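Undergrad: Below you will find the structure I want to go over with you.
The values are calculated or read from the model by the stated rules, or taken from the named source; none is laboratory data. These numbers come from a predicted model, not from an experiment. Note that we place each Cβ from the backbone using ideal geometry, even for glycine, and neighbour counts take in every protein chain shown. To get the accessible areas, we keep the full protein, side chains included, count just its heavy atoms, and leave off ligands, DNA and RNA. Shrake-Rupley method; radii C 1.70, N 1.55, O 1.52, S 1.80 Å.
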Amino acid sequence: MKAMNIFKISVLTGLLTLVSCTDLNENLYSQLAKDNYYVDQQSVEAAVLRSHEHGDNVCWRGSVFLLEELTADQFVWTQKGRHGYDDGQWDRLHRHTWNYIQGDVNGAWQGAFQGVSQCNVVLRDFNNVDFQSIGVSDEQEKAYKAELHVLRAWYYYFLLDLFRNVPIATEEYSETELVPQGTAKELFDFLVKDITASIPDLPKQKRLSRWTQAPAAALLARLYLNAQTYIGEDHTSDCIKICEDIINGTYGTYSLDTDYRGPFSSGIDGYESPENLFEFKHQYGELQQYTWWSHASHYKANMYLGASGGGWNAILMQPSRDLQGNIYDIESGLGNPYENYAATDVRRTPFRVHAKDEKGFRYDGYFLMGLMRSVNSSGDGYIDYDLSSLNASTNVNGQEEWSGSPLVFVDQVGRFSEDPAVKALDQSGKANLLMEVAQRGYFITNATEVTSKGSDVHPEDNGSNVFLGEENSGIRLNKFPYLPEVTGQFRSQCTPEVRLAEIYFTLAECYYRQSNKAKACELLDAVRKRYFSDEDWPEQSYVQHPDRLTDIEFVREWGREFIGERRRRIDLVRWGMFSKAWWAKADDSTIGDNKERSYFPIPQRQLNANPNLKQTTPGWESASTK
């Protein structure tokens, strides 16, 4: 598959970590590189891979990831009692009341530009390397440079998406030069030109954790799909052409995975999904997977997922049910992420681990919900999901509001433990109550002590808002499956950055916008069929029920397919739905400050650091000062 193993090369990247993820001072690295670093092909390869490692970290676990997911209608970081208030920043992201000094707004800018800087450092060094003298052919040299150009374009894509008007730095600038601020149009055109020129020098064959022709072309598709949003230009025809070429194999051979678990199980037991055009490869003990782990895992995830430790118990799926267990009826049609899946959709299955099945997979489902059971610490590491009785030896108990009682994740957010009827129960009574809740799937309360509870910030939100979570609030995502350590595959799953399913959905949207609904239905169904049995499929097929495919249904379908894959925000923006109401967020028009919120203000810290920068996000000019 590859000339060199990425995990072995990671040993060589130790020197390259001198380019800190938080320190943009490149002088020490550059001096080392120019004098004695590039001595063979392996050192060249290590320099290229270092910038990839940064991308996995920053764009899948850092501020870019948080801005894309926590400002949309599927996930929320709730306060849970004494945990997670964090100066109200998660509520501001949820309600679209962020500001230009907020940490993650600056963090996204800084993280993406650090990636740009790392690419430029290496490209700048490559201009002074005699590749032939160290055994690197002209073809290989071009491929390495093309890969860095595409990787840099990927970092810049986030900057275009989140901020629009940013400096366009290349290796032609010096290390210390302050680069002038470009426009969104200039950045868009630069990226299209740079990616297009780089694709022919990239290999067609898939390489794990590496940019090749197909994912580079997919990056162009992302730009074209969102061009109207970014720069006010229609590039639908360009988008259709590039998507059809990808599907037809012009840039390499890929196919949709026949199993819904496949794209997220690459790396587990040697499986490699044919659907993933680009994936960040991981391996336990070396380049370990962390996507969603700390953010979405309960403090006691070590017990119900068989891991060595727990998480922050932070991010959960936005609730689909109110305090009485009713499914929210939201006028916009957004939110309710779990209940948006059909009852017969296999993805809706509660996550559980089992022995390998006939397809070689060890688990089912995307979602951690209901009663949490301890992982079997021997054998195949299965999880006992028998809800017929409580078992003190296998139950996982809470440690905060529900300390000593079974841990039951519910599709709700509320302070149910403060219901007087609940507080009056002893531990046995609470256990029996939670057993009923687990079997039913939700709490039911009408106690005013719960339903009338607001917050100091938003007292009008009675009973359920970002500040009123508990340790068991919300269904948790485990789509990127964390398997028990006893299986030997913990943290070894990939993170798919580009899937062929995205190309099918992108092409379907293009045809839908051209009023070719039949073609859109056909493309969506090609992906969706794997989620339903042969018996249930006729009822679910868009081809057989084309009238069901409306604008809001298309938006929901994007959400179902790509939940947790760091793209929900831009999909809502593109469809004109980002300002609409969901769960604890009113329509943005009620904010009344005329600030642009479909993208973010230039962070104040960056304005202070670079005199070339101006605040160009509409409505924020007077709020941001030097």
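Undergrad: Tell me what the chain gives for mean residue ellipticity at 222 nm when only DSSP H runs of n ≥ 4 count, each as -39,500 (n - 2.57), the sum divided by the residue total, rounded to 500 deg cm²/dmol.
TA: -10500 deg cm²/dmol
Undergrad: Hey, can you rank 472-480, 552-560, 253-261, 50-58 by average C-beta count inside 10 Å, highest first?
TA: The most tightly packed comes first, giving 472-480, 50-58, 552-560, 253-261.
Undergrad: When the accessible area of the chain is split by element with a 1.4 Å probe, what percent falls to carbon and sulfur?
TA: Result for the chain: 47 percent of the exposed heavy-atom area is carbon or sulfur.
Undergrad: In whole Å, what is the distance between the alpha-carbon centres of the stretch 321-345 and the stretch 117-150?
TA: What the calculation gives is 51 Å, centre to centre.
Undergrad: Still on this structure, I have one more. Could you tell me the relative contact order of the chain? Use alpha-carbon pairs under 8 Å, at least six residues apart, and round to a whole percent.
TA: Computed value for the chain: 17 percent relative contact order.
Undergrad: May I ask you to list the lysines whose Cα is less than 24 Å away from that of Lys359, ignoring any residue fewer than eight positions away on the same chain?
TA: In chain and number order, the partners are Lys206, Lys281, Lys479, Lys529.
Undergrad: Provide the per-residue ³J(HN,Hα) series for the stretch 89-102, in order, calculated from phi with Karplus coefficients 6.51, -1.76, 1.60 and θ = phi - 60°, each as a whole number of Hz, with x at glycine and proline positions.
TA: Here the 3J(HN,Hα) series is 5, 6, 5, 5, 5, 4, 8, 6, 10, 5, 10, 7, 9, 5 Hz.
Undergrad: Determine the per residue accessible area of the stretch 268-339 with all protein chains present and a 1.4 angstrom probe, expressed in square angstrom.
TA: For the stretch 268-339, the per-residue accessible area is 33 Å².
Undergrad: On average, how much accessible surface per residue is there in the stretch 399-499, in Å², for a 1.4 Å probe, leaving out ligands, DNA and RNA?
TA: Value returned for the stretch 399-499: 33 Å² of accessible area per residue.
Undergrad: Accessible area per residue, 1.4 Å probe, Å², for the stretch 513-554: what's the number?
TA: Value for the stretch 513-554: 55 Å² per residue.
Undergrad: Which of the aspartates and glutamates could be linked to Lys185 by a straight reach, that is with a Cα gap under 15 Å, when you skip same-chain ones fewer than 8 residues away?
TA: Asp161, Asp194, Glu233, Asp234
Undergrad: Now for a different question. Compute the long axis of helix 427-440 from its Cα atoms, compare it with the longest principal axis of the Cα atoms of the chain, and write down the angle in degrees, 0 to 90, nearest 10.
TA: Tilt of helix 427-440: around 70 degrees.
Undergrad: Would you please put 586-595, 312-321 in order of how densely packed they are, using the mean number of other Cβ atoms within 10 angstrom per residue and starting with the highest?
TA: Per-residue Cβ counts within 10 Å, averaged per peptide and sorted highest first, yield 312-321, 586-595.
Undergrad: Out of the stretch 303-372, which GluC sites (Glu not before Pro) are coil in DSSP terms and have no more than 10 other C-beta atoms within 10 Å?
TA: Loop-located and lightly packed - Glu331, Glu358.
Undergrad: Determine, for each peptide in 127-134, 212-219, 280-287, the mean count of other beta carbons within 10 angstrom over its residues, then list the peptides with the highest first.
TA: Put in order of decreasing packing, that is 212-219, 280-287, 127-134.
Undergrad: What net charge is computed for the residues neighbouring Glu400, neighbours being all others with C-beta under 14 Å from the C-beta of Glu400, Lys and Arg scored +1, Asp and Glu -1?
TA: So the environment of Glu400 carries a net charge of +1.
Undergrad: With no solvent and one point on each alpha carbon, what is the Debye value of log10 I(q)/I(0) for the stretch 197-303 at q = 0.16, 0.18 Å⁻¹?
TA: Summing over Cα pairs of the stretch 197-303 leads to -0.87, -0.99.
Undergrad: I've got another one for you. For the stretch 471-537, run through the GluC sites (Glu not before Pro) and keep only the ones in DSSP coil with at most 14 other Cβ atoms within 10 Å of their Cβ.
TA: For GluC sites (Glu not before Pro) across the stretch 471-537 that sit outside H, G, I, E and B with at most 14 neighbouring Cβ atoms in 10 Å, the list reads Glu535.
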